[in-house]
Amino acid sequence: MLNILKLGIRTKITLGYIVIILCLLASVVFLNNQITALQNERNFIIKYDSQVQELTNRIEKYILDMESSQRGFIITGDESYLEPYNSAAENWKIDFNDLYQLLDNKPKQQEKLKEIEVTIEHWIATSGNPTLLMKKENNTAALKEFFKVDVGRKDVETMRKQFTAFRLAENAFTQTKANQLDKRNSNITSALFGLLVLVSVISIVIASAISRSIVKTITEVTQTIKEIAASKSNQKGRIYVKTNDEINTLADATNELLDSIEKREWLQSNIADIVTKYQGISVITKLAETFLSEMAQKTQSSLGAFYIRETTEDDIQYVKKAAFAGTSTDVGKDSFKLGQGLIGQCALEKKILIYKDIPDEFRLIGTGLGEVPPKSILIIPVIFEKDVIAVVELATMTDFSKLQLELVKQVVETFGLTVNSVVGRMEIVRLLNESRAMTEELQVQSEELQTQSEELQMQTEELTMINEQLEERTKEAESKSRELTKAKKELEKSAEQLLLNSNYKSEFLANMSHELRTPLNSILILSEMLAENSQSNLTEEEAEFAKVIHSSGEDLLVLINDILDLSKVEAGKLDIMFDEVNMSEIPLQIEQTFAPVAMKKNLQFHISKAENVVDIFYTDEKRFQQILKNLLSNAFKFTEQGSVTLAIKQLKEEQLTNNMQNISADWLEITVSDTGIGIPKDKHQLIFESFQQADGATVRKYGGTGLGLSICKEFAKLLGGWVSLQSEEGHGSSFTLTIPSLPNGIQEEQCLELAIHEVGATTEIHEIEEELPEVTEVEVFQGKTILIVDDDYRNIYALKTALEKRGMNILVAKDGIECLDIMQANQEVDLILMDIMMPNMDGYETMSIIRQQMKLKDLPIIALTAKAMKNDRDKSLEAGASDYISKPLNLDQLLSVLRVWLVSKGSS
């Protein structure tokens, strides 16, 4: 009966809390009234201040919008600029009236608002509306006179100052209110501390009384726990309490905690033991065997199999890599597909499967005394990043306990990372071996490329010598007509050598640039993956090796791109897209690109753009910027101290020749100057050739392939311009790009001048006219009719101009069909210059028809082509050509060939 009436710990504590809560409720009621009053005042201040600030800001914004809209309309004349002005003019008065009503109890502030209203209306009346009316009436003189004084700016400044003074007064009012609230808050805080002291005293008294009633029993429990903790025996003690209060419940919970700790210790020790055993293993089969062995021991399993995920092009399979208590061939099937059997189903569902009702035909567990059927089967998926990368199957002669299942779950949570790491490491080793093999192959190809480049250089020098010999032979042919036959044979031999060398160069540049990309692509991708080391399974040295491989591959890719660009230009397959270029953005883009380079090399970098440069210029922006970047890159590379300057200006009308004015009225001249090493005068032409630099010392000191200036030269031609050079050794260099603005691209009437700039025909024509005897031209060229068949307007007009100056009559056909029409209508043609690659009907088919169907066997036909391949000469002669010349044409060579065939035709 006494035990029933005895108060428990909960009851005692509850009674104490009831007393404390009653005291707190009284305090809360008092404090709530005070805090509510403070909140109401604070909310009023915040709302009032927010409304005042918002209205003043909106009024000021409306006026500023009106001012910016006014100026925008005056500058542009666009009526759309007046929409903000009109909207603000309608709305500012509404917000002003709201603000004025909000300040009913502040007459001084209302007076300041009236002053602001007067200033705003004065600005609208004197600056806003009058200037808009002037602009609408197109009264420019009045506008200029008005903005000399610009009284509106003074009104705006006055309005801003008035708003500032108004806001300061409002802030002072708000601060005064806030100080009053702070004082009241301080008083409430003092009262709160007094209540807290009172409640604390009451709480201490109640807590002391309750603690005395429960300390004794808790002390007994604590002593028992200490004894259990101090015990070194494997058998853990337990707590026993005879009372019926909460201490008894505490004892029972403590005993359960001890049981849980024992289980956790068993799990942690076994997990640590298993993880330790498979750490450091780098082969998947060894890892699988070790894991199966340890898991079988910890879970008392008698049979097991380990399956690894393997992905093929067709499907996903799980292949057996290890077995426990049997060989790898007689324990379980060799492989399962996703969803096939229990292994495949486990991988599909991604969850642990447990089976206890095992069929009789299941494999028996063999022992020394016989074979026993399993009682339970456990199938565990090993998951990494939401994918099942392995499946483990265990069988036991007893049931798996909950503790064993928990062990399995915790172990496989981290085991997936280990499996993936081992598989990934094995894959990385394989890829690294492949990468090394590919790197060695690329090195061999690079050496072969270097050797072929040297051979190409030698052949170029031989070609120069051949051209010199050709000039000498041409002069001999002009002075001695009886040696024409011998000169013709020598010319054919030289042209054949020129054809072979040009063919070799074009095929080499085009084919090798593409062939090198195939192995280089794999090297760049794999080396970048290795360099990232996302799994952190490479050593620092191995990761550095991968970075070096990737960096070298990127350098080689830049070289290949340059070679490919050059080969595209030479093959005529580079597309040029003429479009608008915003010249005002060019200086900023160039500065963003090269300012860090200048800073790194401690060089000054200046960019200037003349005021007369048009904002919109028509050219191919991509090729234009590529030329600038190549020239600037060269300037920075060959300048060690001093400065690099980019100057953009537009040529004036008096600076343009008649031919330039016929092409375009707008020409830009962009000059890149530096204070670098300079270029000797005798090397000025050489450096624009492919794979050429000023001298060997330049190559050794500064590096480079010699392609940059060659590409600049070719791109400038495609844009209708040219690149010139002024330089002196040791005193820096100045490269000047001159290009026209071509809104419609290169037109037919513009081709003549562009072609003359491209091949230098004008200079050659005058030189040859001076060298040739006048009697030779009269006898050979005067009055002869030449038919030019070509689809390229630039070639047509260049050839036509050069030949007409020597007294020849020129007919033009743009394809084979038009050529045949002209031949049908005109029987007086003395010689045909036939281009090979043309639309509709090419040169081969046209020549064949002339020879076979039109029966013109004796008519001289000279075949011309831009890309001479190995068999083009023989193919042209078989089609009916009398002779063969490859482009780009040498005018001396062309005239010599014309002399040979015209004289031969005349003598026959």
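The values are calculated or read from the model by the stated rules, or taken from the named source; none is laboratory data. Predicted model only: the values in this text are computed from it and were never measured. Cβ sites come from the backbone with ideal geometry, for glycine too, and all protein chains shown count toward neighbours.
Just to be sure before I move on: is GLU845 in contact with a Gly (Cβ under 8 Å, 6 or more places away or on another chain) and assigned to a helix (DSSP H, G or I) in the structure I sent?
In short, yes.
Applying the condition of being more than 48 Å from the chain's Cα centre (by Cα) and without any contact (Cβ under 8 Å) to a residue 24 or more places away in the chain to the stretch 274-297 and asking which residue is nearest to ILE389 (Cα to Cα) yields GLU294. Only residues that are over 20 Å from ASP259 (Cβ atoms) and assigned to a helix (DSSP H, G or I) were counted in the stretch 391-414, giving 5. I'd like to know if the stretch 367-382 contains one or more residues that are at pLDDT 80 or above, crowded, with 19+ Cβ neighbours inside 10 Å, within 41 Å of the chain's Cα centre (by Cα) and not in a loop (DSSP other than H, G, I, E, B). Yes, some residue in the stretch 367-382 is at pLDDT 80 or above, crowded, with 19+ Cβ neighbours inside 10 Å, within 41 Å of the chain's Cα centre (by Cα) and not in a loop (DSSP other than H, G, I, E, B).
In the set GLN535, GLN592, only one residue is surrounded by fewer than 17 Cβ atoms within 10 Å (Cβ to Cβ), modelled with pLDDT under 75 and either at positive phi or not assigned by TED's automatic domain parsing to the domain that holds ILE836 (or both); that residue is GLN535. A search for C-beta distances below 9 Å between a residue of the stretch 251-266 that is under 19 Å from THR299 (Cα atoms) and any residue that is modelled with pLDDT of 70 or more and part of a helix (DSSP H, G or I), counting only pairs 6+ apart in sequence or on different chains, returns LYS263/LEU403; LYS263/GLU406; TRP266/LEU403; TRP266/LEU407. Looking only at residues that are surrounded by 15 or more Cβ atoms within 10 Å (Cβ to Cβ) and over 31 Å from the mean Cα position of the chain (by Cα) in the stretch 421-438, which one is nearest to GLN268 (Cα to Cα)? Ranking the candidates gives VAL422 first.
Quick check: anything in the stretch 825-837 modelled with pLDDT of 85 or more, among the acidic types (Asp, Glu), assigned by TED's automatic domain parsing to the domain that holds VAL903 and out of contact with any strand residue (DSSP E or B) (no Cβ under 8 Å at 6 or more places or on another chain)? No, the conditions are met nowhere in the stretch 825-837. Pull up the stretch 118-161, narrow it to residues that are touching an Asp or Glu at 6+ places or on another chain (Cβ under 6 Å) and of a type outside the set (Val, Ile, Thr), then point me to the one that is surrounded by the fewest Cβ atoms within 10 Å (Cβ to Cβ). Restricting to residues being touching an Asp or Glu at 6+ places or on another chain (Cβ under 6 Å) and of a type outside the set (Val, Ile, Thr), the top hit is HIS122.
Which of the helices (runs of 4 or more DSSP H) contained wholly in the stretch 73-177 include at least 2 residues that are closer than 30 Å to ILE45 by Cα and free of Cβ contacts under 8 Å to residues at least 24 places away in the same chain?
Once the helices (runs of 4 or more DSSP H) in the stretch 73-177 are filtered for at least 2 residues that are closer than 30 Å to ILE45 by Cα and free of Cβ contacts under 8 Å to residues at least 24 places away in the same chain, what remains is 82-102, 107-123.
Scanning the stretch 652-676 for residues that are surrounded by fewer than 16 Cβ atoms within 10 Å (Cβ to Cβ) and not in a helix (DSSP H, G or I) turns up LYS652, THR657, ALA665.
When LEU484, LEU442, LEU456 are screened for being closer than 24 Å to LEU902 by Cα and either assigned to a helix (DSSP H, G or I) or at pLDDT 65 or above (or both), only LEU484 passes. If you go through the stretch 276-323 and keep only what is at pLDDT 80 or above, surrounded by fewer than 17 Cβ atoms within 10 Å (Cβ to Cβ) and touching an Asp or Glu at 6+ places or on another chain (Cβ under 7 Å), you end up with just VAL319. Residues in the stretch 778-831 that are touching a helix residue (DSSP H, G or I) at 6+ places or on another chain (Cβ under 9 Å), in a helix (DSSP H, G or I) and β-branched (Val, Ile, Thr): VAL780, ILE796, THR801, ILE817.
The residue pairs whose first member lies in the stretch 580-609 and is within 27 Å of GLY745 (Cβ to Cβ), whose second member is among the acidic types (Asp, Glu), and whose beta carbons are closer than 8 Å, counting only pairs six or more residues apart or on different chains, are VAL581/GLU621; ASN582/ASP615; MET583/ASP615; SER584/ASP615.
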